[in-house]
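Undergrad: Okay, handing you the structure first.
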Amino acid sequence: MLWKDKYELGVPVVDNQHKELFRRVEAFMQTLRSSVSWEEKVQHVNETLEFMKGYVVDHFRDEERYQQGIGYPGYEAHKQIHTNMVNYVLQVSAEYERRGFDEQLMQQFAGKLLAWLINHVAAEDQRIADYAQEKGVAGREC
Ligand SMILES: [Fe+2]
Ligand SMILES: [Fe+2]
């Protein structure tokens, strides 16, 4: 698993969401790289897109609420990064609906999701925890 405990923010709701995101995106990547049937891949693409459009939006909302709760100064910029990611997912989803299953498009999508997730959680999200620590508000729930 690519998840590392050092990615934890110390906010259980958010940390559990991050773990689930890692788990789902990695499983998606593995399915695409495996030799399972085309039908199975398509099924996993459908599931992953639905998951990303629902769970990710919920996660962003919870994490943004937490940032507001602790008065995180990078809130607006962080929210914009989240919005851009949601737009990217919607864009891929629309393209998928138009073109159907395209192995290359989905490999790209999975690769970008995984890279984005690791970078975002390890860097941007970590800054929220650093701020909470500095301000002495760590341990607060979202
Ligand atoms: Fe996050
Ligand atoms: Fe975030």
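The values are calculated or read from the model by the stated rules, or taken from the named source; none is laboratory data. This is a predicted model, so every value here is computed, not measured. Because the Cβ atoms are built from the backbone with ideal geometry, glycine has one as well, and the counts that use them run over all protein chains shown.
Undergrad: Considering only the range 89-98, I want to know if a residue exists there that is in contact (Cβ under 8 Å) with a residue 24 or more places away in the chain, within 21 Å of Gln133 (Cα to Cα) and under 13 Å from the mean Cα position of the chain (by Cα).
TA: Among the residues of the range 89-98, not one is in contact (Cβ under 8 Å) with a residue 24 or more places away in the chain, within 21 Å of Gln133 (Cα to Cα) and under 13 Å from the mean Cα position of the chain (by Cα), which makes the answer no.
Undergrad: Still on this structure: If Gln108 meets every condition in (1) in contact with a helix residue (DSSP H, G or I) (Cβ under 9 Å, 6 or more places away or on another chain); (2) farther than 20 Å from Met29 by Cβ apart from one, which number is that one?
TA: All conditions are met except number (2).
Undergrad: Answer yes or no as to whether Asn16 is within 18 Å of Asp125 (Cα to Cα), exposed (fewer than 13 other Cβ atoms within 10 Å of the Cβ) and free of Cβ contacts under 8 Å to residues at least 60 places away in the same chain.
TA: So Asn16 passes the test.
Results for (1) away from ligand 1 (no atom under 15 Å from the Cβ); (2) of a type in the set (Gly, Ala, Ser); (3) at positive phi, shown as yes or no for each residue.
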position: Gln17; (1), (2), (3): no, no, no
position: Leu21; (1), (2), (3): no, no, no
position: Met29; (1), (2), (3): yes, no, no
position: Ser37; (1), (2), (3): yes, yes, no
position: Glu40; (1), (2), (3): yes, no, no
position: Thr48; (1), (2), (3): yes, no, no
position: Tyr55; (1), (2), (3): no, no, no
position: Tyr72; (1), (2), (3): no, no, no
position: Gln80; (1), (2), (3): no, no, no
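Undergrad: Additional query: Looking at the range 123-141, I want the residues that are modelled with pLDDT of 95 or more and within 14 Å of ligand 1 (Cβ to nearest atom) and have a partner that is assigned to a helix (DSSP H, G or I) and not charged (D, E, K, R) with Cβ atoms under 6 Å, at least 6 apart or on another chain. Which pairs are those?
TA: Pairs found: Ile128/Gln67.
Undergrad: Test Val14 against the stated conditions and say whether it is more than 13 Å from the chain's Cα centre (by Cα) and part of a helix (DSSP H, G or I).
TA: no
Undergrad: Here's a follow-up. Is it true that some residue in the range 40-60 is under 15 Å from Leu113 (Cα atoms) and basic (Lys, Arg)?
TA: yes
Undergrad: Can you work out which of the residues in the range 99-122 that are without any contact (Cβ under 8 Å) to a residue 60 or more places away in the chain and more than 15 Å from ligand 1 (Cβ to nearest atom) is nearest to the chain's Cα centre (by Cα)? Quick ask: steps written out before the conclusion?
TA: Of all residues in the range 99-122, those without any contact (Cβ under 8 Å) to a residue 60 or more places away in the chain come to 99-100, 102, 104-105, 108-109, 112, 115-116, 119-120.
Of the ones still in play, those that are also more than 15 Å from ligand 1 (Cβ to nearest atom) are 99-100, 102, 104-105, 108-109, 112.
Values: Arg99: 24, Gly100: 23, Asp102: 22, Gln104: 21, Leu105: 18, Gln108: 15, Phe109: 12, Lys112: 11 Å.
Only one residue tops the list, namely Lys112.
Undergrad: Let me ask you something else. Please give the number of the condition Leu105 fails out of (1) at pLDDT 95 or above; (2) farther than 19 Å from Gln17 by Cβ; (3) not charged (D, E, K, R).
TA: Checking Leu105 against (1) at pLDDT 95 or above; (2) farther than 19 Å from Gln17 by Cβ; (3) not charged (D, E, K, R), the one that fails is (1).
Undergrad: Residues being surrounded by fewer than 19 Cβ atoms within 10 Å (Cβ to Cβ), within 13 Å of the chain's Cα centre (by Cα) and either outside any helix (DSSP H, G or I) or touching a residue at least 40 places away in the same chain (Cβ under 8 Å) (or both): count how many of those fall in the range 23-40.
TA: Of the residues in that region, 1 qualify.
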